[in-house]
Amino acid sequence: MALSHIGRRAGKEPSVWIVSTDQWPRAYLRAELIERGYDAVGFVTMKDALIRLMLARSRRPALMVVDLHGQDLTEKMRAMLFREGVAMLAIADVGSGEDERLGPIVATLRRPLTIGAIADTIDRLMGRASAALPFPDHIH
């Protein structure tokens, strides 16, 4: 399911919000997405992201990447996610079941995984070709 039409204004990069309590993986993913041409914004908690979503309705994310480890999601927050309908890519531990009833999840990735694998999945969901193109044989 490509999301390239969502959260994009003329001349603007698609916005991807990253929600993770882990500072360095969040920062590395944000940097990778910026390199790939996204407007990437990081949040520590889902509560922080939901507050921004309520305040900045004109710049909704095309996709929200949510690392479920360490997130304390209340039923009220889950209901808000469903109501707002922001597409989400969930990252969860194998067999955790953390992604159940979260919201409009378009895909779930299970640990272990790399920053590149997450970014490649975002590219696919956004309808972009992966940045990991093969190096041409005629260039040395």
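Structural remarks
Residues checked against (1) modelled with pLDDT under 85; (2) closer than 20 Å to MET64 by Cβ:
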position	(1), (2)
MET80	no, yes
VAL86	no, yes
LEU102	yes, yes
ARG110	no, yes
LEU113	no, yes
ALA119	no, yes
LEU125	no, yes
ILE139	yes, no
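- Considering the range 17-44, the residues that are part of a strand (DSSP E or B) and within 10 Å of the chain's Cα centre (by Cα) include one that is nearest to LYS76 (Cα to Cα), namely VAL19.
- Checking each residue in the range 45-94 for being assigned to a strand (DSSP E or B), β-branched (Val, Ile, Thr) and under 25 Å from LYS12 (Cβ atoms) picks out VAL65, VAL66.
- For the range 32-64, the tally of residues that are among the hydrophobic types (A, V, I, L, M, F, W, C), surrounded by 13 or more Cβ atoms within 10 Å (Cβ to Cβ) and out of contact with any helix residue (DSSP H, G or I) (no Cβ under 7 Å at 6 or more places or on another chain) stands at 5.
- The residue pairs whose first member lies in the range 111-130 and is of a type in the set (Ser, Thr, Tyr), whose second member is surrounded by 15 or more Cβ atoms within 10 Å (Cβ to Cβ), and whose beta carbons are closer than 7 Å, counting only pairs six or more residues apart or on different chains, are THR121/LEU89; THR121/ALA107; THR121/LEU109; SER130/ASP120; SER130/ASP123.
- Residue pairs whose Cβ atoms lie under 6 Å apart, sitting 6 or more positions apart in sequence or on different chains, and linking a residue in the range 11-35 that is more than 21 Å from HIS69 (Cα to Cα) to a partner that is among the acidic types (Asp, Glu), are GLU13/ASP39; SER15/ASP39.
The values are calculated or read from the model by the stated rules, or taken from the named source; none is laboratory data. The structure displayed is predicted, hence computed values, not measured ones. Positions of Cβ are generated from backbone atoms using ideal geometry, with glycine treated the same way; all protein chains shown enter the neighbour counts.
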